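What follows is a short report on a single structure.
Bear in mind that the values in this text are calculations on the coordinates, not laboratory data. Quick caveat: nothing in here was measured; it's all calculated off a predicted structure. Cβ atoms come from the backbone with ideal geometry, glycine included; neighbour counts cover every protein chain shown.
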């Protein structure tokens, strides 16, 4: 409960930053739109070129190929599939990281006493374009490797892949703030983030989980609207639910980006940004 209380305090401080700069919501919105465009750009050619009749017959006959052949190697078609998946990961990660970098840059400006605009964030992200692209490639590579481990393993392998994914998320937690604020390269930022992880182990996981838990509770009214909408066959209620979920998702993404910036600034400077509770941030880096 103490950890949950500290997380709520940090979330409330992040909310105060967001209230001062509501335009920060533009960044997760642009990120979501960009990811949808990336998905559409990859899905459209696949849908257009796929022989659906042959695919259906193959599924009916139980001859659908897996990612690996019977001897554990990849065929040329499977290798092409993996290449396409890697490119999709790269593009998707790039969009997410780019706009998250812009959000964190604006949050840093606000917490340093400035008055940021969306243009300030976009300029900061654009200035770090090579580093962001490099980090997107690294993140995509790790993501693809974890997926291959998961898909080519039994239950134990899937559990191991999941644990590796959690460890990677924790290790890279502060990479984007370091990239955009300190102008460091991808691998240097990863090393610094991993070094800081030695102090933040455990509390970052609890912090992320608590953010998710709080927003899960906030999502309950939307679930109610959705259930009532389907039960009453009311399009209006369903639309309200979709809008509500969208706002909740945008707010969660923005608040987590603000928290990342605040935690990094505190660890770098040794003092809490204005509006953030020193004891709560201290607790975030004082437990393993």
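Counted over all Cα-Cα pairs of segment 81-125, pairs farther apart than 14 Å make up 55 percent.
In terms of its Cα atoms, segment 97-168 spans 52, 23, 13 Å along the principal axes, sorted from long to short.
Sort segment 129-186 into rounded, prolate or oblate with this rule: let a ≥ b ≥ c be the square roots of the eigenvalues of the Cα gyration tensor; rounded if a/c is under 1.5, and if a/c is not under 1.5, prolate when a/b is larger than b/c, oblate otherwise. Oblate, because a/c is 1.5 or more while a/b does not exceed b/c.
Remark: the Cα gyration tensor places segment 96-239 in the oblate category, a/c being 1.5 or greater and a/b not exceeding b/c.
Ranked highest first by the average count of other Cβ atoms within 10 Å around their residues, in what order do 240-249, 33-42 fall?
Those peptides, ordered most packed to least, come out 240-249, 33-42.
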